[in-house]
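Peer 1: Dropping the structure in here first, questions after.
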Amino acid sequence: MLVRQLFDAQTFTFTYIVADNFGSEAIIIDPVDSKVEQYMKLLKELNLKLKYVFDTHVHADHITAAGKLRELTDCITLLGAGTNAKCVSKVVKDGEKIHVGTLEFTVLETPGHTQDSYCLYTPKMVFTGDTLFVRGTGRTDFQAGNPVDQYNSIVNKLFSLPEETLVYPGHDYNGNTRSSIWEEKNFNPRLAGKSVAEFKEIMDNLNLPNPKLMDVAVPANLACGLI
Ligand code: FE
């Protein structure tokens, strides 16, 4: 199995290219518009046929490359049910299977960071978008975010995955790259041993500034990045 984790240093975003192997179909998760050339070069070098682009949600901090990649490769762009982005090729829902070569991904609906947040699971790994970070979580204070929903998404859904499942987050601000369900259950300071009320208290008092690109990124992403 081939997994490439790419990092956008401006927005601290992780993008993933996943495929069976060289020469197979591929999926790109959460691509950033300014990195399209890098993705296209890597796809060519690894001889990958881009089948899908999956955005884990409508992002507020960067502009998606989904629309550009669709124009360049004829791939199918995916967002979860409930999204307001009408430009998307296909809307997927909780429990739906996505096939890329011989790989099978299961769509997990995980609202909380936003009302349209989803994760993608394939055995041994889960791509968690901004639902679950390494020792952290995505914020819940805009785009209909909700800390109680996020707690339930993480604790009831993600934490029920096998503990050895590797966690590939949508962002990291502290130099981490990946984790596991077991580590986050036991060491995530917002979640380990915390009740839903304690989690809500933490999330309601983060006092984070809005993302720099928010006013540009949200409208652009509702048009799949093509504005
Ligand atoms: Fe986000």
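Peer 1: Tally up the carbon and sulfur contribution to the accessible surface of the chain as a whole percent, 1.4 Å probe, everything protein left in place.
Peer 2: Numbers: 5210 of 10010 Å².
Reported share for carbon and sulfur atoms: 52 percent.
Peer 1: If you don't mind, there's one more thing I want to ask. Tally Lys/Arg at +1 and Asp/Glu at -1 over every other residue whose Cβ is under 10 Å from the Cβ of ASN188; what's the total?
Peer 2: Numbers: positive: ARG135, LYS185, ARG190, LYS194; negative: GLU183, GLU184.
Spelling it out: positives minus negatives among the neighbours equals +2.
Peer 1: How large is ³J(HN,Hα), in whole Hz, for each residue of the stretch 161-174 in order, when computed from phi with the Karplus curve 6.51 cos²θ - 1.76 cosθ + 1.60 and θ = phi - 60°, using x for Gly and Pro?
Peer 2: 6, x, 5, 7, 4, 7, 9, 10, x, x, 8, 8, 10, 10
Peer 1: Moving to a separate point now. Can you give the FRET efficiency for GLU183 and LYS93, using 1/(1 + (r/R0)^6), R0 = 30 Å, r = Cβ-Cβ distance, to the nearest 0.05?
Peer 2: Numbers: r = 29 Å, r/R0 = 0.97.
So, using R0 = 30 Å, E works out to roughly 0.55.
Peer 1: Still on this model: Rank these by accessible area, largest first, 1.4 Å probe: THR165, THR73. Before the final figure, lay out the partial values.
Peer 2: Details: THR165 0, THR73 30 Å².
Reading off the accessible areas and sorting them downward yields THR73, THR165.
Peer 1: Also, I was wondering about something else. Using the heavy atoms of the protein chains and a 1.4 angstrom probe, tell me the accessible area per residue for the stretch 2-221 in square angstrom.
Peer 2: Values: 9560 Å² over 220 residues.
In whole numbers, the stretch 2-221 has 43 Å² accessible per residue.
Peer 1: By how many degrees, between 0 and 90 and to the nearest 10, does the Cα long axis of helix 36-45 differ from the longest principal axis of the chain?
Peer 2: Approximately 60 degrees, to the nearest ten.
Peer 1: Over the heavy atoms of GLU163, what accessible area does a 1.4 Å probe trace out, to the nearest 10 Å²?
Peer 2: 80 Å²
Peer 1: For the chain, which cysteines have no second Cys with its Cβ under 4.7 Å from theirs?
Peer 2: Lacking a cysteine Cβ partner under 4.7 Å: CYS75, CYS119.
Peer 1: Okay, moving on. Find out how many positive minus negative residues lie around PRO123, taking Lys and Arg as positive, Asp and Glu as negative, among other residues whose Cβ is under 12 Å from that of PRO123. Before the final figure, lay out each step's value.
Peer 2: Values: positive: LYS124; negative: GLU104, GLU164.
Its environment carries a net charge of -1.
Peer 1: Once fully extended, how much extra length lies between ASN210 and GLU37, figured as 0.36 nm per residue of separation less the alpha-carbon to alpha-carbon distance?
Peer 2: Details: separation 173, 0.36 × 173 = 62.28 nm, distance 2.81 nm.
The span from ASN210 to GLU37 would gain 59.5 nm if fully extended.
Peer 1: I've got another one for you. Please give the calculated 222 nm ellipticity per residue for the chain, where each DSSP H segment of at least 4 residues contributes -39500 (n - 2.57) and the sum is spread over every residue; nearest 500 deg cm²/dmol?
Peer 2: On the way: 6 runs with 48 residues, N = 227.
Result for the chain, helices only: -5500 deg cm²/dmol.
Peer 1: Restricting to bridges with both residues inside the chain, how much of the DSSP beta-bridge set is antiparallel, in percent to the nearest 5? Before the final figure, lay out the partial values.
Peer 2: Details: 28 of 43 bridges.
The antiparallel proportion sits near 65 percent.
Peer 1: Which of the chymotrypsin sites (Phe, Trp or Tyr not before Pro) across the stretch 130-227 are loop residues per DSSP, with 12 or fewer other Cβ within 10 Å?
Peer 2: Values: sites: PHE133, PHE142, TYR151, PHE159, TYR173, TRP182, PHE187, PHE199; in loops: PHE142, TYR173.
Hits after loop and neighbour filter: TYR173.
Peer 1: Let me ask you something else. Can you give the local net charge around VAL92? Use residues other than it whose beta-carbon is closer than 12 angstrom to its beta-carbon, Lys and Arg +1, Asp and Glu -1.
Peer 2: Computed value for this residue: -2.
Peer 1: A further question on this structure: Test of understanding: what is the full-extension gain from ALA9 to THR102, defined as 0.36 nm times their sequence separation minus their Cα-Cα distance? Please report the intermediate quantities before stating the final value.
Peer 2: Values: separation 93, 0.36 × 93 = 33.48 nm, distance 3.19 nm.
My answer for the length gained is 30.3 nm.
Peer 1: Follow-up question, since we're still on this one. Nearest 0.05, what FRET efficiency do GLU198 and SER160 give at R0 = 25 Å with Cβ-Cβ as r?
Peer 2: Working: r = 20 Å, r/R0 = 0.81.
Once the sixth-power term is evaluated, E becomes 0.80.
The values are calculated or read from the model by the stated rules, or taken from the named source; none is laboratory data. The structure presented is a predicted model; accordingly, all values stated were derived computationally and were not measured. Cβ sites come from the backbone with ideal geometry, for glycine too, and all protein chains shown count toward neighbours. Quick note on the areas: whole protein, heavy atoms, side chains included, nothing else; ligands and nucleic acids left out. Shrake-Rupley method; radii C 1.70, N 1.55, O 1.52, S 1.80 Å.
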